[in-house]
Amino acid sequence: MSSPDDLTGSKQQLFEKRQKVFPKAIDGPFRRFKWLVMAVTLTIYYVTPWLRWDRGPYAPDQAVLVDIANRRFYMFSIEIWPHEFYYVAGLLIMAGIGLFLVTSAVGRAWCGYACPQTVWTDLFQHVERAIEGDRNAQLRLEKAPWGPSKIAKRVTKHAIWLLIAVATGGAWIFYFADAPTLARQLWALDAPYQAWFTIGLLTATTYILGGLMREQFCIYGCPWPRIQGAMLDEKSLMVTYKAWRGEPRTHGIKRAGPAVHQPDGELGAQAQYGLPSLVALASAPENNPRVIGDCIDCNNCVAVCPTGIDIRNGPQIGCITCGLCIDACDDIMERIGRPKKLIGYSTVADELLAGSGKTPEPPLKRLFRPRTLIYFLIWGSIGLAMLFALGSRTRLDLSVRMERNPIWVQLSDGMVRNAYTINVRNMEARPRSVTLSIEGLPNAQIWTDAQARGGAGQTVEIAIGPDQARKTRVYVAAPERQQRDFAFVIRANEGEGATDRESTVFEGPESER
């Protein structure tokens, strides 16, 4: 029987120590596409707060601004008020459904190209490669003893990482205040403490996640790899190693001669493509020549992987489908004169067809299937509904709250008075004047706190400042003795005639019986 110390002794390790990943540089279509996505996303992130957008003299001129102090969200010509937060909720829902759509169609393409963790990790790795060299040089430096050269390279690398992290945190806070003004305050060390705290927090998270944790966050910290399993099926495009073609592997180019094929059977079905088949290999007689796969076990696909996995082991939680292993494998296949795409985007269903000698379905047919079409229809419907709502809103809003202390007052002339708090929102960047009236309450009179009862009439004029909301206490008197429904109506006095209405109730003595 084993000693209890086997589980608690000093030599027992319950977790495997992290193996550092030093990705190798590679060139190819997917690497160039990653360069493009990284350039576009980083440009959008760093430049957007500095874009200007003229909204007139009464509104900020920053194109994208989350104005927490005034509770506004500006995005070019769109302005979102707090009571319109459903637009933000709609955008979040669209983002979620869009992620489901992309994953069900092309796997974890978001993770491989546009995820902030991927973009900043990729940027940090390029900085590291520029200072310390490519993969082999980094491995030698890692094993080398500490000396002036190693210290200088490591200090330089981490200093640049910190500068990138500070720029990242600084760019984020510019979305929440006027960018030029806040930049001057930061330069003069006169910025609010909230700005310094946010920069410090985001600097730390960017440096730690992008520079130190890297693939560990994708594998252990991110929930999406666990969720994606429910989004994928046998018809989802994923980065796949074609084992039916690559196995059995050889070690080195000299042994990777032309595959030997049988004249009939499954192996013969593959001979027209010049590719071996595992199915045929398993069924071939023992006295037949050995079939050789296209994979020469060069491990280039592993060397370029940013998470350090071996794609030949099948789908894994560490695969972010960035496609760099495709570029690396295509380069080797071209050198040894074999067909490309030994590793490529494919589906489980297509690989089963190819392995049995049948023709895979076209990629577009795989994309346009019920599951992806349903996701797309839901996503598009939400987007169209939000566009319609944005285009049809009047930029004038009314809300009414009935005063309850007291609910009603009997006046000397026998009429009953109710009090209401009217909140009128002017959602345009210019001052406006509106007319407040009532519908559904015959012979009623209306006046405000600023008027005497003698000035009561059928309407009330209210002036509202630009991009503001104004609360007004309004009194309504009517010869009614019981509860009755009616509505307040506001109409802009300018030419566009925007209107809004809010239903409420009028209370009287008989309504309490």
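A compact table of results
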read-out: Residue in the range 282-295 that is out of contact with any Cys (no Cβ under 9 Å at 6 or more places or on another chain), of a type outside the set (S, T, N, Q), assigned to a helix (DSSP H, G or I) and modelled with pLDDT under 50 present; value: yes
read-out: Any hit, the range 9-18, residues being over 30 Å from Thr307 (Cβ atoms), modelled with pLDDT under 90 and in contact with a strand residue (DSSP E or B) (Cβ under 8 Å, 6 or more places away or on another chain); value: no
read-out: Contacts under 9 angstrom Cβ, first residue in the range 78-96 being over 26 Å from Phe376 (Cβ atoms), partner open to solvent by less than 40 Å² (accessible area, probe 1.4 Å) and modelled with pLDDT of 90 or more, 6 or more apart; value: His83/Ser399
read-out: Failed criterion for Ile173 (all others in (1) more than 30 Å from Pro23 (Cα to Cα); (2) within 20 Å of the chain's Cα centre (by Cα); (3) open to solvent by 70 Å² or more (accessible area, probe 1.4 Å); (4) among the hydrophobic types (A, V, I, L, M, F, W, C) hold); value: (3)
read-out: Residue within the range 184-203 that is touching a helix residue (DSSP H, G or I) at 6+ places or on another chain (Cβ under 8 Å), aliphatic (A, V, I, L, M) and open to solvent by 70 Å² or more (accessible area, probe 1.4 Å) present; value: yes
read-out: Residues satisfying the stated conditions in the range 318-347, i.e. among the small types (Gly, Ala, Ser) and not in a loop (DSSP other than H, G, I, E, B); value: Ala328, Gly344, Ser346
read-out: Helices (runs of 4 or more DSSP H) lying entirely in the range 85-174 (those with 2 or more residues that are under 17 Å from Tyr46 (Cβ atoms) and either among the hydrophobic types (A, V, I, L, M, F, W, C) or modelled with pLDDT under 95 (or both)); value: 116-132, 148-173
read-out: Residue in the range 225-249 that is farthest from the chain's Cα centre (by Cα), counting only those that are touching a residue at least 24 places away in the same chain (Cβ under 8 Å) and surrounded by fewer than 16 Cβ atoms within 10 Å (Cβ to Cβ); value: Pro248
read-out: Test: residue in the range 19-31 that is at negative phi, aromatic (Phe, Trp, Tyr), in a loop (DSSP other than H, G, I, E, B) and crowded, with 17+ Cβ neighbours inside 10 Å; value: yes
read-out: Tabulated pairs, the range 195-209, first under 14 Å from Thr118 (Cα atoms) and of a type outside the set (Lys, Arg), second assigned to a helix (DSSP H, G or I) and open to solvent by 40 Å² or more (accessible area, probe 1.4 Å), C-beta under 7 angstrom, 6+ apart or interchain; value: Tyr207/Leu162; Leu209/Phe217
read-out: Residue in the range 463-480 that is open to solvent by 90 Å² or more (accessible area, probe 1.4 Å) and either more than 30 Å from Pro57 (Cβ to Cβ) or in contact (Cβ under 8 Å) with a residue 60 or more places away in the chain (or both) present; value: no
read-out: Among residues of the range 481-491, those that are over 29 Å from Arg430 (Cβ atoms) and open to solvent by less than 80 Å² (accessible area, probe 1.4 Å), counted; value: 1
read-out: Odd one out for Asp122 among (1) within 19 Å of Met38 (Cβ to Cβ); (2) open to solvent by 40 Å² or more (accessible area, probe 1.4 Å); value: (2)
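Conditions tested, residue by residue: (1) in contact (Cβ under 8 Å) with a residue 24 or more places away in the chain; (2) under 25 Å from the mean Cα position of the chain (by Cα); (3) open to solvent by 50 Å² or more (accessible area, probe 1.4 Å).
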| residue | (1), (2), (3) |
| --- | --- |
| Glu351 | yes, no, no |
| Ala354 | yes, no, no |
| Tyr375 | yes, yes, no |
| Leu384 | no, yes, yes |
| Ala389 | yes, yes, no |
| Arg417 | yes, no, yes |
| Arg430 | yes, no, yes |
| Pro442 | yes, no, yes |
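The values are calculated or read from the model by the stated rules, or taken from the named source; none is laboratory data. Nothing here was measured: the structure is a model prediction, and the numbers come from that model. Glycine gets a Cβ as well: all are built from the backbone with ideal geometry, and neighbour counts include every protein chain shown. To get the accessible areas, we keep the full protein, side chains included, count just its heavy atoms, and leave off ligands, DNA and RNA. Shrake-Rupley method; radii C 1.70, N 1.55, O 1.52, S 1.80 Å.
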